[in-house]
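Bear in mind that the values in this text are calculations on the coordinates, not laboratory data. Not measured: the values here are computed from a predicted model. Don't worry about glycine lacking a Cβ; one is built from the backbone with ideal geometry, like all the others, and counts go over all protein chains shown.
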Amino acid sequence: MPPSAPSQQSTAPLADAPSRGVGRKRLSVRAELLLALLPTATVLAVLALVEVYSHQRLLFASLASSAFLIYLDPEHATNSGRTLLLSQCAAALAGFGFYAWLGPGYLPAALAMLTVIGLMVVLDAVHPPAVSTALSFAFQGQKADNLLLFGAAVGLILVLVALQRGSVWLLRRLTRTSSAAAAALTQPQ
């Protein structure tokens, strides 16, 4: 049996494939580290908040993933304030609700996960770390106070969204200004 002809897609040379994700230009190492500083500080603040008021650290682990995604591409729709707020809060409520109704276990976790995925799709607010939030609350939601604390932590992450978007805007403005100044210096008089 002769081999079937490869599709045009599979015959494209690998050299033509983009080396980085589409839509995000890599900055200098220094600029990348400066952008990573805000998410790191935010996650540490969330952890401190959790430590003071609760010992349910795993309930908040997905917010670290949210912070990293915001650092990676603060202007992506997945990382908008609306998307983050809707998906993470819906996930916490679904997970806690199924935990309260059915107790901890795989059934409430599965129902919470399916519910939050469906809500994220219907609301056009897809933020993948929210799935982990639903699972965390379904497995160990325990107290309603955890929902309030989680809401406060989401508020801190929303501040991070604003700060990261502001940082990107400022970096663009400074880069444009320094590029224009460098171009003016190299222009023949």
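Quick notes
- Radius of gyration and Dmax over the Cα atoms of segment 70-120, both given in Å: 12.9, 38
- Derived scalar couplings ³J(HN,Hα) [segment 98-113; Karplus, 6.51 cos²θ - 1.76 cosθ + 1.60; whole Hz; x for Gly, Pro]: 5, 5, 5, 7, 10, x, x, x, 6, 5, x, 5, 5, 5, 5, 5
- Shape category assigned to segment 22-165 from the gyration tensor of Cα positions, a/c cut at 1.5: oblate
- Length gained on full extension, THR177 to ARG165: 2.5 nm, using 0.36 nm per residue less the C-alpha separation.
- Distance (nanometres) between label positions extended 7 Å along Cα→Cβ at ASP124 and ARG26: 3.3 nm
- Each residue of segment 123-139 is assigned a 3J(HN,Hα), and the resulting list reads 7, 6, 9, 7, 9, x, x, 5, 4, 5, 4, 4, 5, 4, 5, 5, 7 Hz, derived from the Karplus form 6.51 cos²θ - 1.76 cosθ + 1.60 (θ = phi - 60°), x at Gly and Pro.
- Rounded FRET efficiency, nearest 0.05, which uses the C-beta distance separating LEU49 from HIS76 and R0 of 25 Å: 0.45
- Segment 71-113 residues near the modelled LEU148 label - backbone nitrogen below 19 Å, point 7 Å along Cα→Cβ: 89-90, 92-94, 96-97, 100
- Most to least packed among 95-101, 142-148 [average Cβ atoms within 10 Å]: 95-101, 142-148
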